[in-house]
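Working notes, structure below.
Computed from the coordinates by the stated procedures, all read-outs in this text should not be read as laboratory data. In this text the structure is predicted, and so the values were computed from the model without any measurement. A quick note on method: Cβ atoms are made from the backbone with ideal geometry, for glycine too, and the neighbour counts reach across all protein chains shown.
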Amino acid sequence: MVGVYVDQRPKGDLSRQRAKKYGFKIYPTITDALRLGTDKIDVDAVLLTAEHGDYPDNEKGQKLYPRYEFFEQIVDVFRRDRRAVPVFNDKHLSYSFEKAKRMVAASKELKFSFLAGSSLPVTYRLPPIEMPMNGEIEDALMIGVGVSDAMDYHALEAMQCMVERRRDGETGVRAVQLIEGNEVWRAGKEGRWSRRLLEGALVRSDSRSGIGLSDGRPQDLAHSVELEELVKNPSAYFVEYNDGIRSTLLMLNGAVQNFTFAAKVRGLPEVQATQFLLGPSPNITYSACLMGKVEEMIVSGLAAPYPVERTLLVSGTLERCLESRISGHRRLAMPELNVSYQAPKASQFCGAIG
């Protein structure tokens, strides 16, 4: 770390303390931080982290973090100085899919490596399974916890990193719907999401509540009335892909405290299920796993280890799901989310075998 721009300094801010301890300088603008006070860009890479600040919310409940606005200032320096360096953008690209598309387009135009996203796709998995490359996923379900436009983003990107390995690669999302409350349980009874996959995902959780904690058969919680009592306000995010597969994110605050995934893959007799491991503070191993990927991109001088299009698609999917919520929980067709890409063949999570 050599130059830093700090947008806000709330109580408890550590930027000045860290600058003094580690010898980097805090600059008044993003341009100055990239140029280190000179007249040309003088850094080897840029980390863009915009979260936890005091920013307004929009009508969808999204926090208006200025990631796109900061990115535009970074790219403006690249253009003026005729030199671009790798960029890492922490978490989703923007609350706006249109702005997110512009960010990806700029990285292609100026030909710089661009990595973004959540730490969940690269953290340890329990057990360390991976979806087979070019496999046929028949159904997929993710369990997440936490508040909207923060933790649901993490859950959607974790789900995406699993389903993107299917046959013919990612071709985009055609429709989404977000439902809440008792409609979630009704949808389960109607078969819109799989109880069998819910069983598999719950079994991989080690932070269950109720019967799932005390009973030796945690999968029973998937069929228990207690699940509805534990989860006061469930949400279900339905994602329909252009190639016909469907996946579901269930946000189950109160029943579990971690993120798990389950899928049925054609040709495999058992449900494939895993937990995305989030270690306790202050041993934030998942962030270390993510920064390892950032270092890999910067030091190697190569492209990002996995496509930024994944984060682009998830950014758009989340925004459209939140639009579904405020528009009466309607199913929304989304032809604009036709983002196509190929997942890397090599597994990218910490502890992956092979």
Please give the net charge around Met251, taking every other residue with its beta carbon less than 11 angstrom from that of Met251, where Lys and Arg add +1 and Asp and Glu add -1. -2
Compute the projected area of the convex hull of the Cα atoms of the chain, averaged over all viewing directions, and report it in nm² to one decimal place. 18.4
In nm, to one decimal, how far is the modelled label at Ala333 from the one at Glu228, with both set 7 Å along Cα→Cβ? 3.4
Can you give the FRET efficiency for Arg196 and Asp81, using 1/(1 + (r/R0)^6), R0 = 56 Å, r = Cβ-Cβ distance, to the nearest 0.05? 0.50
Order of Met297, Met159, Met1, Met291 from fewest to most other C-beta atoms within 10 Å? Met1, Met291, Met297, Met159
How big is the stretch 307-354 by the Kirkwood estimate over distinct Cα pairs, in Å? 12.9
Excluding Asp32 itself, calculate the net charge of residues whose Cβ lies under 15 Å from the Cβ of Asp32, where each Lys or Arg counts +1 and each Asp or Glu counts -1. -1
antiparallel share of DSSP beta bridges within the chain, to nearest 5, in %, is 65
Computed [θ] at 222 nm, helices only, for the chain once each DSSP H run of length n ≥ 4 contributes -39500 (n - 2.57): -10000 deg cm²/dmol
Unit charges on C-beta of K, R, D, E only; dipole of the stretch 122-276, Debye: 240
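Sorting Val6, Val87, Val294, Val145 on the 10 Å Cβ count, fewest up front, what's the list?
Val6, Val294, Val145, Val87
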Considering only the other residues whose Cβ falls under 13 Å of the Cβ of Arg266, what net charge follows from Lys and Arg at +1 and Asp and Glu at -1? -1
Using distinct alpha-carbon pairs, which all enter the 1/r mean, Kirkwood radius of the stretch 172-288 in Å: 15.3
Full-extension gain in nm, His52 to Leu36, via 0.36 nm per residue minus C-alpha separation: 3.2 nm
Toward the positive end of the charge dipole of the stretch 80-193, about the Cα centre and with charges on Cβ (Lys, Arg +1; Asp, Glu -1), which of Met133, Phe112, Cys161 goes farthest? Phe112
May I ask which of Lys63/Lys111; Lys232/Lys264; Lys108/Lys345; Lys60/Lys264; Lys11/Lys101 have a Cα-Cα span longer than 25 Å here? Lys63/Lys111; Lys232/Lys264; Lys60/Lys264; Lys11/Lys101
State the answer as a single residue: which of Trp193, Ser300, Ala262 lies farthest towards the positive end of the charge dipole of the chain, with beta carbon charges of +1 for Lys and Arg and -1 for Asp and Glu, about the Cα centre. Ser300
